[in-house]
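Everything below concerns the one structure shown next.
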Amino acid sequence: MGHQILGVMDSLSVLSPLKDMYVGGMPKPKEYVVALIPGDGIGPELTTATLEVVKKVSEVYGVSINIVYAEAGDNALSRYGQALPERSLNIIKNSHTCLKAPVGETSADVIVRLRMMFDLFANIRPVKAYPNTQALRNDIDMVVIRENTEDLYKGLELTVGSNTAIALRVITYEASRRVAEVAFKLASGRRKKVTAVHKSNVLKTTCGLFARACRDVASKYSEVVYEESYVDACAANLVRKPQSFDVIVTTNMFGDILSDEAAQVAGSLGLAPSCNLGYNYAIFEPIHGAAFDIAGKNIANPISMILSTALMFEWLGARYGDDPCVKASESINNAVYKVLQEGTTLTQDLGGSAKTYEVAKAIATKIT
Ligand code: ATP
């Protein structure tokens, strides 16, 4: 496979083409209050490891970060009777941004609720092949954008009698249009290709509306190549020719599934970060779940959460016009790249035997 490996500085920043979508030019605060959800399963291990990197980067770049813990998830439910207690919600409301580890069975009561509450309408999931990661090909570099506020995730389910269950799929033109706008803006700053993924041959009304909104946005971006794909064909092509994708935009449920697939094709779920983006707030989290099968062993890959932190610094930098934050983000991305390129400190999912905190330490050491 003689493909070119991405260089250290190539295309590691993700959000910058979206700058004009955030409410930018906000006054720069003395310190950033970051609400931190430590989560369940492997969440607390990833959190401890990630804080090592946050500490180092804030020292090196002089960015003052005030971490405030906001408990949420299965642990919070058993302790306080609520997966998203009022106290945690207030911490999040009073923060500049939120960094979140995965939560377990209560994720619908935590992240799905937060996405709707803060109108975090675009879930941006960069997927990249790094060296030494057992990616199917080393020229994979795409972003999956998942609509984040509607579809089956509205949770509108009902039963008719005892043997029939119905879920309502909500798709609106406006939610589809604004997420498509994110996709085209991102693609404009990248390889200029958008693939809208749906199933309009079967779901004629809901997917048909999503496709119409995507086409309307596409008509404004003549420099971006636009294509559409049915979700089943896209699932196959993610394995068959993953290098052909630049930006995928799709509805909530399809995006959930396709982004896990894409991350695995690029090496591991444990490498995949995400940004839940709204106009006024953003939450950063790994795309994967609490992975209870490997929890408590310190073998989970912390890179998904560390790269989520890099996205967080990139967003803070753009929103508050804060150059050290942008530099901090670049530095984290480069440190991750170097550690993977060396290939001596890898967790089990990448074929290594390093512990979660050893990977984080190796990354922190490379931040200079
Ligand atoms: P959810 O539906 O909340 O996304 P899930 O039950 O689909 O969760 P995950 O928790 O995402 O599953 O994990 C799927 C598998 O991927 C796990 O069994 C685990 O082995 C692997 N995995 C996930 N995250 C990591 C990680 N950070 N490091 C290593 N392996 C991981």
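The values are calculated or read from the model by the stated rules, or taken from the named source; none is laboratory data. Quick caveat: nothing in here was measured; it's all calculated off a predicted structure. No Cβ is skipped: glycine too gets one built from the backbone with ideal geometry, and neighbour counts run over all protein chains shown. Keep in mind that these areas ignore ligands, DNA and RNA; they rest on the heavy atoms of the full protein, side chains included. Shrake-Rupley method; radii C 1.70, N 1.55, O 1.52, S 1.80 Å.
Can you give the charge dipole size of the stretch 1-151 about its Cα centre, rounded to the nearest 20 debye, using +1 on the beta carbon of Lys and Arg and -1 on the beta carbon of Asp and Glu? Before the final figure, lay out the partial values.
Working: 15 positive and 18 negative charges, 81 e Å.
Roughly 380 debye, rounded to the nearest 20.
The peptide list 210-219, 69-78, 234-243, 144-153, put in order of mean Cβ contacts within 10 Å with the highest first, becomes 144-153, 69-78, 210-219, 234-243. For the stretch 128-151, backbone nitrogen atoms closer than 14 Å to the point 7 Å from Glu227 Cα along Cα-to-C-beta are found at no residue. For the stretch 136-265, give the share of DSSP beta bridges that are antiparallel, in percent and rounded to the nearest 5; count only bridges with both residues there. Taking every DSSP beta bridge within the stretch 136-265, about 25 percent pair in antiparallel fashion.
Taking K and R as +1 and D and E as -1, what net charge do the other residues with C-beta under 10 Å from the C-beta of Pro85 add up to?
Working: positive: Arg79, Arg87; negative: Glu71, Glu86.
Cβ neighbours under 10 Å give a net charge of 0.
All other residues whose Cβ lies under 14 angstrom from that of Tyr221 are scored, Lys and Arg at +1 and Asp and Glu at -1, for a net of +3. Working note: Debye formula, equal point scatterers on the alpha-carbon atoms of the stretch 237-277, no solvent; log10 I(q)/I(0) at q = 0.15, 0.25 Å⁻¹ is -0.36, -1.00. Computed over the alpha-carbon atoms, the chain gives an Rg to Rh ratio of 0.95, Rh here being the Kirkwood radius from the mean inverse distance. Rolling a 1.4 Å probe over the heavy atoms of the protein chains gives the chain an accessible area of 40 Å² per residue.
DSSP beta bridges in the chain, what fraction antiparallel, as a percent rounded to 5? Provide the component values of the computation, followed by the final result.
Working: 20 of 45 bridges.
Beta bridges within the chain, antiparallel portion: roughly 45 percent.
Using a Gaussian network model of the chain in which every pair of alpha carbons under 10 angstrom is joined by a spring, one finds that among Gly278, Gly343, Gly62 the greatest mean-square fluctuation is at Gly62. Taking 19 Å as the straight-line reach from the Cα of Lys30, the lysines in range (excluding those fewer than 8 positions away in the same chain) are Lys55, Lys56, Lys93, Lys327. Using the average count of surrounding beta-carbon atoms within 10 Å as a protection proxy, the listed peptides 123-129, 155-161 rank, highest first, as 123-129, 155-161. Full extension of the chain segment joining Thr365 with Val68 gains 104.5 nm, where the gain is 0.36 nm per residue of separation less the Cα-Cα distance. Solvent-accessible area assigned to carbon and sulfur over the chain amounts to 53 percent, based on a 1.4 Å probe. Cα extents for the stretch 136-265 along the principal axes, largest to smallest and rounded to whole angstrom: 51, 34, 23.
On a C-alpha basis, how far is the centre of the stretch 113-160 from the centre of the stretch 65-87 in Å? Whole number, if you could? Cα centroid to Cα centroid, the span is 23 Å. The alpha-carbon atoms of the stretch 189-311, seen along their principal axes, cover 49, 32, 27 angstrom, with the largest extent given first. Computed about its Cα centre, the charge dipole of the stretch 136-265 is approximately 340 debye, with only Lys, Arg, Asp and Glu carrying charge at their Cβ. When you filter the trypsin sites (Lys or Arg not before Pro) in the stretch 15-76 for DSSP loop state and at most 12 other Cβ atoms inside 10 Å of their Cβ, you are left with Lys30. From the residues Leu168, Phe292, Ser95, which one has its Cα farthest along the dipole of the chain in the positive direction, the dipole being from +1 and -1 charges on Cβ of Lys/Arg and Asp/Glu about the Cα centre? Of the listed residues, the answer is Ser95. Taking every lysine pair in the stretch 136-265 that is 8 or more places apart or spans two chains, those with Cα atoms closer than 22 Å amount to 9.
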